[in-house]
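Below is one structure, written out as structure tokens; the observations come after it.
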Amino acid sequence: MDFGVVLQTNPPASRTVQLSQLAEAHGFSHVWTFDSHLLWEEPYVVHSAILNATKRITVGPFVTNPATRDWTVTASVFATLNEMYGNRTICGIGRGDSAVRVTNGKPVSMSELRESIHVIRELANSRPVEYKGATLQFPWSRGSELDVWVAAYGPLALKLTGEVGDGFILQLADLDIARWMIKVVKDAAAAAGRDPDSIAFCVAAPMYIGDDRAHMRDQCRWFGGMVGNHVADIVAKYGTSGEVPQALTDYIAGRTGYDYNSHGKAANDHVDFVPDEIVDRFCLLGTAEEHIAKLEALREIGVTQFAGYLQHDNKEETMRVYGERVIPALTEHITAKR
């Protein structure tokens, strides 16, 4: 299992770079950042600084979308960073949430998401692609490599992920929901003639090492609100019964609205509808041993990367314990089984 951290590009950018350096020092393989150009600093500029200050970390957005940037511009960014720093980028992409909703926009359609993945991936892998009636290719790009991982929750998005994604990003760490979603993606991949085991499966959730359960929950309750935005869209389309697990839909019954100015912040003051049970199920909280146990369970159902959100007041200590105890325990466990 690989390990990543998920950061916000809050100013000063030097702080984001510093945390990325710590992540590398503690054995994390990936640094991901939010991509909402109005709410936080422009991520790709910060990505360049992170890559320049580290040696092996892979960097990418968590997640970008096809609506706020021209697809060829997005691809050019990745190809340029790869030329500068040696194929150390990755693209997480979804239909669009905070980046589009703050301008009263809407998530893109499934067909637009599918096409954008193809265009971005081909161009950023130094290959030609058909786009708006023209055959395009970066004449300056040689040997660039980019995987595109798709963030999804609903049945149609999960199906698309299995059909075209290099990886699947699930932004919650509930075992039952993750098991169901991974199966949907794998089944879609098999039906499309792809090898399901060729797809990376990334579970992302707040990780907090500590022993004050009430404090950890309060620091991470914002995550249930963020996930609730996506769940609300799913409920509007599919209702509260049917294909989507009830555990994913029940908790948003008390949801009355969402202010994106508090998106992803521990101090979010409008997520009281998120119960403690959901925080515990969706996040990784507690001692190193508790984290290890849940990560082993996630690995057993097919998760290949855990990406921990660090939007709380215990960033450095959490990364230190992961580096010294959690990551080695998972690595040693895998090595022993082999």
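Each reported figure results from applying straightforward, stated rules to the coordinates on display, with no laboratory input. Quick caveat: nothing in here was measured; it's all calculated off a predicted structure. Using ideal geometry, Cβ is built from the backbone for each residue, glycine included, and neighbour counts are taken over all protein chains shown.
Here are a few things to note about the model shown:
- Two-decimal Rg/Rh across region 91-231, once Rg and the Kirkwood Rh are taken from alpha-carbon atoms: 1.03
- What the pair-distance distribution of region 17-163 shows, using all Cα-Cα distances binned every 5 Å from zero, is 2, 10, 19, 21, 20, 16, 9, 3, 0, 0 percent.
- Here's how it looks for Tyr131: its modeled amide H is under 5 Å from those of Leu136, which are all 5 or more places away or on a different chain.
- Close amide H contacts of Tyr153 (hydrogens built in the peptide plane, cut-off under 5 Å, sequence separation of 5 or more or a different chain): Leu158.
- 3J(HN,Hα) along region 297-304: 5, 5, 4, 5, 9, x, 6, 10 Hz, from the Karplus curve 6.51 cos²θ - 1.76 cosθ + 1.60 with θ = phi - 60°, whole Hz, x for Gly and Pro.
- Lys, Arg +1 and Asp, Glu -1 on Cβ, resulting dipole of region 82-195 about Cα centre, debye, nearest 20: 140
- Dipole magnitude of region 26-139, debye to nearest 20 (Cβ charges: Lys/Arg +1, Asp/Glu -1, about Cα centre): 220
- Here's how it looks for Ala200: its modeled amide H is under 5 Å from those of Gly167, Phe168, which are all 5 or more places away or on a different chain.
- The stretch between Asn87 and Ser14 holds 24.0 nm of extra length on full extension. This uses 0.36 nm per residue minus the Cα-Cα distance.
- Spin-label model, Asp276 to Lys55: label points 7 Å out along the Cα-to-beta-carbon direction sit 4.5 nm apart.
- Comparing Cα centroids, region 133-202 and region 294-331 end up 22 angstrom apart.
- Entries of Lys55/Lys159; Lys55/Lys106; Lys55/Lys132; Lys186/Lys294 with Cα pairs more than 31 Å apart: Lys55/Lys159; Lys55/Lys106; Lys55/Lys132
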